[in-house]
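S.K.: Take this structure, written in structure tokens, and hold onto it; I'll ask about it next.
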Amino acid sequence: MQSLSHVNIVSYWGTEASAKYLTIFMEYVPGGSIATMLKKFGPFNERLIRVYTAQVLSGLDYLHSHRIIHRDIKGANILVDHGGVCKLADFGASKRLELITNAAEQSLRGTPYWMAPEVIKQEPYGRQADIWSVGCTVIEMGTGRPPYSQFKSQVTV
């Protein structure tokens, strides 16, 4: 992540390891997440959804051009600075496409409400799964709730 640089991706600056801790140094984004904003202000209007979606897709296009899939796009993992700039964050589930070669690497990664059907079914997937998650995030921004939240179980195969 240290080699990546894009306005819509949280910058990673490095790590420091000690006997007890691993400290990760990243860009501070003071505005909080889209999920936090939804809880505080409720669903977004269409104009704001368009602006945020365009920024998320710009950051995702950059990641995908570097053959990286995020695998956990959702409101909680999109931070917004005080200027209204969205930044993709939380790359704990991300992977380089060439490293996703076996079933173990294509297992459930992400958060079920935002997962593409092929991810839930544990079938081969790639960049398209991130695009599905962006669509789910658009629903989240417009309704203030995760998609499919009316169902009691998050995963039904």
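S.K.: Return the pair list, or none, for Cβ contacts closer than 7 Å from residues in segment 51-63 that are over 13 Å from I131 (Cα atoms) to residues that are in a helix (DSSP H, G or I) and at pLDDT 95 or above, at least 6 apart or on different chains.
M.R.: From segment 51-63, the pairs are Y52/I34; Y52/M141.
S.K.: So, one more: Look at G84 and say whether it is within 28 Å of G126 (Cα to Cα) and in contact with a Phe, Trp or Tyr (Cβ under 9 Å, 6 or more places away or on another chain).
M.R.: no
S.K.: Could I ask something else about it? Tell me which residues, restricted to segment 80-119, are part of a strand (DSSP E or B) and either at pLDDT 70 or above or among the β-branched types (V, I, T) (or both).
M.R.: Selection gives V80, C86, K87, L88.
S.K.: Continuing with the same structure: Return a yes/no flag: does segment 57-79 have any residue that is assigned to a loop (DSSP other than H, G, I, E, B) and among the small types (G, A, S).
M.R.: no
S.K.: Right, here's the next one. Among the residues of segment 28-47, write down those that are over 15 Å from V134 (Cα atoms) and among the aliphatic types (A, V, I, L, M).
M.R.: Residues satisfying the conditions are V29, M37, L38.
S.K.: Collect the residues in segment 1-54 that are part of a loop (DSSP other than H, G, I, E, B), open to solvent by 80 Å² or more (accessible area, probe 1.4 Å) and over 18 Å from E140 (Cα atoms), keeping them in residue-number order.
M.R.: Q2, S3, S5, V7, A19, K20, Y21, Y28
S.K.: Quickly run through segment 120-140 and pick out the residues that are at pLDDT 90 or above and more than 13 Å from the chain's Cα centre (by Cα).
M.R.: I139
The values are calculated or read from the model by the stated rules, or taken from the named source; none is laboratory data. Predicted model, so just to flag it, every value in this text is computed and none were measured. As a convention, Cβ positions derive from the backbone with ideal geometry for all residues, glycine included, and neighbour counts pool all protein chains shown. These area figures cover heavy atoms from the full protein model, side chains too; ligands, DNA and RNA do not enter into them. Shrake-Rupley method; radii C 1.70, N 1.55, O 1.52, S 1.80 Å.
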